[in-house]
Amino acid sequence: SQSRYAVASPSLIEYSKKLGITREPKLVRNGIVFDRFYHPISTKLSTLGYAGSLNHLSFDNTDDCKRSHLVKEISEKLNLPLVIAQPQDGTIKSYLRMPNYYPLVDCVMVTSNYESCGLPLMEAAASGRLPISSKVGILNEFDNPPGLILPMNEEEFVSEGVEKMKELINNPTRFRQMCQGAQDFAREHYDWKSVIGMWVDLLTNP
């Protein structure tokens with residue numbers, strides 16, 4: 001029988017075609033174990049987070065699609081500490097430690113111009129931390145995704161991000177509301193119970 005072929009993002013369907021693959025893949029969605037990441041929501045925006053490494057090349061190795069320099073720029077403009085999940089010495093720590101990372105920060109920025117999913121957006125939301133990103137990856141699959149949604153353009157990402165984050169720093173009640181909304185959204189839409197049916201269909205139906 002023909003092997004099953006699926007991708008976890010609509011953008012990967014286009015990338016599959018770009019690679020010359022003629023077979024149409026099924027579309028499934030990634031999920032997380034909500035309870036594994038759950039923490040009480042953050043109470044105020046005082047520490048910034050970045051869940052990846054500082055540099056990450058795109059598929060064709062031509063550019064830094066993660067654009068981590070934007071995180072450092074925002075941190076400097078806000079004069080807030082930045083806690084990076086992956087060390088800067090080139091080593092990669094296990095993803096299994098991530099549930100312990102999110103309580104160290106109050107928000108998680110994803111600065112990519114491309115994401116096939118964006119697990120940190122899902123995990124941060126479940127952890128009660130505010131996801132901050134342009135509309136990439138998993139956020140494209142919902143009309144009103146949670147968190148702070150910023151423009152894709154680098155200059156606007158920084159300027160609007162700094163402006164809106166200053167507002168949240170000065171309005172901790174609004175910040176907590178957004179963190180709670182993101183966590184509630186993650187419980188309903190990101191947990192595996194909400195997406196496992198797609199995978200069951202993939203594995204049981206040709």
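The values are calculated or read from the model by the stated rules, or taken from the named source; none is laboratory data. Just so we're clear, the structure is a prediction, and the values are computed from it rather than from any experiment. So basically every Cβ, Gly included, is an ideal-geometry build from the backbone, and we count neighbours across all protein chains shown. With ligands, DNA and RNA removed, areas are computed over all heavy atoms of the protein, side chains included. Shrake-Rupley method; radii C 1.70, N 1.55, O 1.52, S 1.80 Å.
Brief remarks on what is shown
- The residues on offer are Gly197, Gly181, Gly128, and the sole one that is over 19 Å from Gly52 (Cβ atoms) and part of a loop (DSSP other than H, G, I, E, B) is Gly128.
- Region 131-163, residues that are assigned to a loop (DSSP other than H, G, I, E, B) and either out of contact with any helix residue (DSSP H, G or I) (no Cβ under 8 Å at 6 or more places or on another chain) or over 19 Å from Leu48 (Cβ atoms) (or both): Lys135, Val136, Phe142, Asp143, Asn144, Pro145, Met152, Asn153
- Scanning region 135-155 for residues being without any contact (Cβ under 8 Å) to a residue 24 or more places away in the chain and crowded, with 23+ Cβ neighbours inside 10 Å gives a total of 1.
- Number of residues in region 8-55 that are among the β-branched types (Val, Ile, Thr), closer than 23 Å to Ala124 by Cβ and open to solvent by less than 60 Å² (accessible area, probe 1.4 Å) equals 4.
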